[in-house]
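**Student:** Mind having a look at this structure? Questions to follow.
Computed from the coordinates by the stated procedures, all read-outs in this text should not be read as laboratory data. Everything quoted here is computed from the prediction, not taken from an experiment. Glycine gets a Cβ as well: all are built from the backbone with ideal geometry, and neighbour counts include every protein chain shown.
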Amino acid sequence: MRLKTRLSPFLGLLAILSAAGSAAADAEPAVAGEVETILALGGDPAYGAYLAGECVTCHRASGGAGIPQIAGLPADYFVTALVEYRNGLRDNEVMVTTASRLGDAEIAALAAHFSSLD
């Protein structure tokens, strides 16, 4: 009985993570074509560095306050996230607004820049 009590929070977390993973898997095919098109552009990291000022206002190298660090993210993950925000598949008012203003070349450039950082 004691083992079950200690496992309950773990099992709850596992269920949440599993549901989040399946939601991400469901969303991915919806944007896969867009992501491939953007990645094929081969973004310009220098242009991405120029555009990154708005991003790093919140996404600091140290992370914090529930805002993830984005420096060093793989380009495909970065592009997928921005496309999902742009298409309203992820829910964060600030990110949806920001991503909706970005074109494909800008997303490719930002991904090239941030994926090149450590």
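**Student:** Take every Cα pair under 8 Å in segment 30-115 that's 6+ residues apart, average their separations, divide by the length, and report that relative contact order as a whole percent. The partial results should precede the final answer.
**Tutor:** Details: 117 pairs, mean separation 42.0, N = 86.
Normalised by residue count, the contact order of segment 30-115 is 49 percent.
**Student:** Another question, if that's okay. Specify which residue in the list Phe114, Ala65, Thr80 is farthest towards the positive end of the charge dipole of segment 30-115, using unit charges on the beta carbon of Lys, Arg (+1) and Asp, Glu (-1), about the Cα centre.
**Tutor:** After comparing all options, I get Ala65.
**Student:** Could you put Thr97, Thr37 in order, starting from the residue whose Cβ has the fewest other Cβ atoms within 10 Å? Each step should come with its number before you reach the end.
**Tutor:** Values: Thr97 10, Thr37 13.
The fewest-first ordering by Cβ neighbours comes to Thr97, Thr37.
**Student:** Two decimals, Cα atoms only, Kirkwood Rh: what is Rg/Rh over segment 30-115? Walk me through the numbers before you get to the answer.
**Tutor:** On the way: Rg = 11.8 Å, Rh = 12.7 Å.
Here the Rg-to-Rh quotient is 0.93.
**Student:** Ranked by Cβ crowding within 10 angstrom, fewest neighbours first, how are His59, His113 ordered? Walk me through the numbers before you get to the answer.
**Tutor:** Working: His59 17, His113 24.
Arranged by neighbour count, lowest to highest, His59, His113 become His59, His113.
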